[in-house]
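Novice: Following this message is one structure expressed as structure tokens.
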Amino acid sequence: MEKNVSDTDSFIEEVSEEVRRDRLFKIFKKYAWVAVLIVVLLVGGAAFNEYNKLSNQKRAASLGDELYKIIQLDVNDQMPELESVNPKLQNGKAIVNFMQVNSLLKAGKVSEAIKILDDISSNSGYDNTYREMADFKSIILSSSDVSEKLLRLESYSEPGSAFRTIALEEISLIQIKLGDFEKAIDTLTITLQEPGLSQNQAKRISELLRTLDGAKGTDAKE
């Protein structure tokens, strides 16, 4: 009797397994296109990403070659050529804009260069790095009121700013211009302690500090 029960249980299990397999087969036949579509999308998405990367790399290389040829030209011939360049990527356009600025500065056209820099800094389509760089360069080149310039530079002199050391140096120069040598010395001393300071900038600041200390010593004697 126990053997019959065991056989019956085994038979039921086998039938249940067959039913499950039959259902799975039917479900697979019915929804197989979904699985195929997912695979196609995954593979297609990966292929598209790779294609996109290669396309961007090719565009960047092509733009680089084109710009390299332009910078070999005479300064007066660079601007017309740069204006004819039409990069597909937004950041490529920003680079072309910066090259236009450089050409204008070489030609002594500072106000035109500042205008392009202001256009870059106000363009939300560009990366923040390019926008901040353009704004900072515009401040440096600007002939605006010294107090206003100082105020704008202070926002870039905060810890963590990519332009902190240059901003601090520029602030010290304005302080010297205003005759506030004590503040200038303090600012330069702080700048000299910055970890990201380049060798050239450190040398420049050290020389400026020596000059200011010498001026202080002369004033004290008088």
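Every number here is computed from the coordinates shown, using simple stated rules; none is lab data. Please read these numbers as outputs of a predicted model, since none were measured by experiment. All Cβ positions, glycine included, derive from the backbone under ideal geometry; neighbour counts span all protein chains shown.
Novice: Calculated FRET efficiency, L178 and I116, Cβ-Cβ r, R0 35 Å, to nearest 0.05?
Specialist: Approximately 0.75, to the nearest 0.05.
Novice: Pairs K115/K149; K149/K183; K109/K137; K149/K203; K106/K177: which are spaced more than 18 Å apart, C-alpha to C-alpha?
Specialist: Working: K115/K149 16 Å; K149/K183 16 Å; K109/K137 14 Å; K149/K203 25 Å; K106/K177 26 Å.
Checking Cα-Cα distances, K149/K203; K106/K177 exceed 18 Å.
Novice: Right, here's the next one. Let's see if you can work this out: charge +1 on each Lys and Arg Cβ, -1 on each Asp and Glu Cβ, no other charges. What is the dipole magnitude of the stretch 144-222 about its Cα centre, in debye to the nearest 20?
Specialist: Its charge dipole is roughly 240 debye.
Novice: Starting at the first residue of the stretch 89-102, write each ³J(HN,Hα) from the Karplus equation 6.51 cos²θ - 1.76 cosθ + 1.60 with θ = phi - 60°, in whole Hz, x for Gly and Pro.
Specialist: Coupling constants for the stretch 89-102: 8, 4, 5, x, 5, 4, 5, 4, 4, 5, 5, 5, 4, 4 Hz.
Novice: Where a ≥ b ≥ c are the square roots of the eigenvalues of the C-alpha gyration tensor, would you call the stretch 144-222 rounded, which needs a/c under 1.5, or, failing that, prolate if a/b is larger than b/c, or oblate?
Specialist: Oblate.
Novice: Quick one: E148, E81, fewest Cβ neighbours within 10 Å first, how do they rank? List each step's numbers first, then the result.
Specialist: On the way: E148 11, E81 16.
The order, fewest Cβ neighbours first, is E148, E81.
Novice: Neighbour counts of other C-beta atoms within 10 Å: give me E170, E112 arranged from fewest to most.
Specialist: E112, E170
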